[in-house]
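Each value in this text was obtained by applying a stated rule to the coordinates, not by laboratory testing. None of the values given here were measured: they were computed from a predicted structure. All Cβ positions, glycine included, derive from the backbone under ideal geometry; neighbour counts span all protein chains shown.
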Amino acid sequence: MIPRPDSSSHDERIISVNGVKFSYDGCVPALAGVTLNLKRGEYVAIVGGNGSGKTTLAKMLNGLLKPASGTVTVRGKSTLDQSVAELARYVGYAFQNPDHQLFCSTVDDEVRFGPHNLGYKGDDLSKKVGRALETMRLTQLKDKPPLSLTLGQRRRISIASVIAMDSEVLIFDEPTTGLDTQETDDLMSSIEGLNREGRTIVLITHDMRLVAKHAKRVVVMSRGRIVLDTDPRGAFSDLDLLRASSMLPPPVVILAQRLKKYGLSGEALSPEELLYLVFRGKGGIR
Amino acid sequence: MRALEMRDVKFRYKGSEKRALDGVTLDVEQGEFVTILGANGSGKSTICLLSNGLIPHAISGDLEGTVEVFGKDVRTVSVADLSTKVGVVFQEPESQLFCMSVEEEVAFGPENLAVPRDEIIKRVEWALDLVDLKGFNDRSPFNLSGGQKQRVAIAAALSMKPDMLLLDEPAYALDPVGRIELYSVLRSLKEKYGLTVVLAERDAEDAVAFSDRLVLMKDGVIVRSGLPREVLRDPHVLRSAGVAPPQLTELASMMNSRLRTTDLSFLNVDEAEIAIVRNVLNPGGVGRP
């Protein structure tokens, strides 16, 4: 199943990012000093405007990028001392564009590729592949060529091929882009299931409704820095800071805040929560 | 004369078994802002491709019914002729940007129409001003943010002085603020210049408040068409078409069933605020809780 940590120190901390700076061109900073700790089993959303550094940070977590200064440690060891292949055991990354990671001739081969490369064989390998296909509801499609399938299905394949490696941390970079409502709901509930199994989830997204519904912790990025790191209610309460980061909370969150001056108390993340607050203590509705 | 007139249009892409459009009748008046909502595969992109003539001229398939754009049948008018009437903006701005500077990008269309130099310069300034990118002339389009890139693509379409702009999920990769900025620019182009806007969207949340009319599609047919308030009245209809109802639509529907009425509908936070205060939090008005 999911590998356990080598030692119990660091209070279940899986990934530590310390004072990390990075620039693609040596000039404009993509990360301008980022510090972040991820604990086992967390469900963290990283949000921020276009170009705020979200994807750069995500690629630091699995060693695709290495810090120019500062350190990233995964399970207590610097990413500088681990190869991308080694890190892939612990940190899986599903790309924004699924086609960047699909190249095999069948869905089954695609999902098998990762764990096979990690050295899994025989029954163990088949079990991992079978479970990943089932989790992403791809069993029926396993003999099809990936590129003949719809965007939603291709995205599920790219995620299945990541979870087949049994990584304990899973990073999803804008996983719902291009998906319609039903596909989005299906995918998000699969991700919830992976989190319930104990995996650590990092969700990178623009969609504040997804953040409100699923994340337990929100990291807001702006210009290569983390400007806020809190729970969704806390994150949405600072409208000015969110706007400055090109983010807007979902409409019901804004509405609940406006209604405070009329005596509404509490924060709402969904229409259901707002309805409850509005009618709380109003038994006799006219 | 209408901007777009489709009569019982059926279209099947070559090599596909199912029809992408299965009997669509749709009118778009000049100066109207119409948002077509639908899930993947509902037919909204096909309507865009028909309206600028790429179907049937560049993309083949079986076309039945008639499609007229500003009074001209798309079967007989050329794509080049239509391009002076109809501008198109696709999902990915990168797929449309290829010049070294923003200015060259925006000048490209009119240059190819052999528009005089002075006029091109004027149009570039005009278009950049409209999309809030004044002074970006010499910047490289590739070093801009996603939202800025998409606005360059719109300016490039506008410099052709089209009467209608078709946008196929233009907010796809934009952050929430970038998305609102984009819709606001489109709305003001409609208000100021009478531009006809046809927007295809899968996500209803932000676009509806800017639209004159919503058209809801499912499996190649139109299931609802009307004022945003009418189309949004029943969240179930949206959901069954694979479109998530906007949060405020869901809230209004829940409040209606709670208050045993059908009166409430909110298109924006202001409307919702007023309605909730009047109906629940402070029904008697100021001073009477």
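Summary table below
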item: Within chain A, longest stretch clear of exposed chymotrypsin sites (Phe, Trp or Tyr not before Pro) (DSSP loop, no more than 13 other Cβ within 10 Å); result: A:104-286
item: Radius, Kirkwood style, for the range B:4-233 when every pair of distinct Cα atoms is counted (Å); result: 17.9
item: Chain A: antiparallel DSSP beta bridges as a percent of all, rounded to 5; result: 55
item: Segment B:Arg117-B:Asp8, extension gain: residue separation times 0.36 nm, minus the distance between their alpha carbons; result: 34.9 nm
item: Inter-chain shielding of B:268-281 (mean C-beta neighbours from other protein chains, 10 Å cut-off); result: 4
item: Partner chain coverage, peptide B:197-206 - average Cβ within 10 angstrom; result: 2
item: Degrees separating the helix B:176-193 axis from the principal Cα axis of chain B, which is the longest one; result: 70
item: Cβ-derived FRET efficiency at R0 25 Å, A:Val28 paired with A:Val227, nearest 0.05; result: 0.90
item: A:Ser189-A:Asp123 FRET efficiency (beta carbon distance; Förster radius 30 Å; 0.05 resolution); result: 0.55
item: GluC sites (Glu not before Pro) within the range A:161-257: DSSP coil, no more than 16 neighbouring Cβ in 10 Å; result: A:Glu197
item: Estimated distance in nm for a label pair at A:Asp81 and B:Ser145, the labels positioned 7 Å out from Cα along Cα-to-Cβ; result: 4.0
item: Among beta bridges that DSSP assigns inside the protein assembly as shown, antiparallel share in %, nearest 5; result: 55
item: Test item: A:250-263 mean partner chain Cβ contacts at 10 Å; result: 5
item: Rounded to whole Å, sorted largest first: equivalent-ellipsoid semi-axes of the range B:110-178, Cα gyration tensor; result: 22, 15, 9
item: Which of A:Ser105, A:Ser222 has the fewest Cβ neighbours within 10 Å, and the rest in rising order; result: A:Ser105, A:Ser222
item: Antiparallel %, DSSP beta bridges [both residues in the range B:4-233], to 5; result: 50
item: Taking all pairs of distinct alpha-carbon atoms in the range A:206-261, Kirkwood radius in angstrom; result: 11.5
item: Share of Cα-Cα pairs in the protein assembly as shown lying beyond 48 Å, as whole percent; result: 15
item: Residue among A:Ile163, A:Ile171, A:Ile226 with the largest mean-square fluctuation in a Gaussian network model of chain A, springs linking Cα atoms under 10 Å; result: A:Ile226
item: Computed E for A:Ser265/B:Asp263 - FRET, C-beta separation, R0 30 angstrom, nearest 0.05; result: 0.70
item: Using alpha-carbon coordinates, inclination of helix B:117-130 to the longest axis of chain B, degrees; result: 20
item: Residues B:Leu97, A:Leu31, A:Leu80, sorted so that the one with the fewest Cβ neighbours within 10 Å comes first; result: A:Leu80, B:Leu97, A:Leu31
item: Trypsin sites (Lys or Arg not before Pro) within the range B:91-148, DSSP loop, no more than 12 other Cβ atoms inside 10 Å; result: B:Lys134
item: 0 to 90° range, to nearest 10: angle between helix A:181-196 axis and chain A longest Cα axis; result: 70
item: Cross-link pairs A:Lys127/B:Lys14; B:Lys134/B:Lys218; B:Lys10/B:Lys190; A:Lys216/B:Lys218; A:Lys39/A:Lys127 - those with Cα-Cα distance over 32 Å; result: A:Lys127/B:Lys14; B:Lys134/B:Lys218; A:Lys216/B:Lys218
item: Positive minus negative residues near A:Val20 (Lys, Arg vs Asp, Glu; Cβ under 12 Å); result: +4
item: Estimated 222 nm signal from helices in chain B, with DSSP H stretches of n ≥ 4 weighted -39500 (n - 2.57), rounded to 500; result: -10500 deg cm²/dmol
item: Exposure proxy order (Cβ contacts within 10 Å, fewest to most) of A:Thr56, B:Thr249; result: A:Thr56, B:Thr249
item: Projected-area mean, chain A, by convex hull of Cα positions, square nanometres; result: 17.8
item: Highest-MSF residue in chain A out of A:Asp108, A:Asp99, A:Asp124 [GNM, Cα springs under 10 Å]; result: A:Asp124
item: Under Karplus coefficients 6.51, -1.76 and 1.60, residue-wise ³J(HN,Hα) of the range A:72-87 in Hz, glycine/proline x; result: 10, 10, 10, 6, x, 10, 4, 5, 5, 9, 10, 7, 4, 5, 4, 5
item: Selected from A:Thr181, A:Thr73, A:Thr205 as most flexible by GNM, with chain A as the system and alpha-carbon contacts under 10 Å; result: A:Thr181
item: Cα gyration tensor of the range B:246-289 - equivalent ellipsoid semi-axes, whole Å, descending; result: 19, 12, 7
item: Chain A - mean residue ellipticity at 222 nm from DSSP helices (-39,500 (n - 2.57) per run, n ≥ 4, rounded to 500); result: -10500 deg cm²/dmol
item: The range A:115-239: C-alpha gyration tensor shape, a/c 1.5 cut-off, then a/b vs b/c; result: prolate
item: Contour excess over end-to-end distance, with Cα ends at B:Trp126 and B:Val237 and 0.36 nm allotted per residue; result: 35.8 nm
